[in-house]
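See structure below.
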Amino acid sequence: MKQRITVLGSTGSVGANTLDVIARHPDQFEAFALSAATQVDLMLRQCAQFR
């Protein structure tokens with residue numbers, strides 16, 4: 001069963017690294033929700049990737 005992960009601050013360095021781990025292990029993890037305070041364009045790209 002996949003773990004559903006909520007990433008707070010997905011556009012920051014820790015959030016981006018977390019999404020990288022999720023992307024490399026799609027059999028184990030699923031991005032459930034993302035949040036960001038800035039860099040809206042980057043967050044939109046992340047949302048499209050992890051839709």
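Each value in this text was obtained by applying a stated rule to the coordinates, not by laboratory testing. The shown structure was predicted, so the numbers you read here are calculated from the model rather than taken from an experiment. Cβ coordinates were reconstructed from backbone atoms using ideal geometry, including for glycine residues, and neighbour counts include every protein chain displayed.
Here are some values of Kirkwood radius over Cα pairs in Å: (i) 11.4; (ii) 13.7; (iii) 10.7. Which one was computed from this structure? Only one option fits the structure, namely (iii). Relative to the longest principal axis of the Cα atoms of the chain, the long axis of helix 40-49 makes an angle of roughly 20 degrees. Computed from Cα atoms, the angle from the helix 13-24 axis to the main principal axis of the chain rounds to 30 degrees. Please list, in order, the residues from the stretch 29-51 whose amide nitrogen is less than 11 Å from a point placed 7 Å along the Cα→Cβ vector of R4. It comes to 30-33, nothing else.
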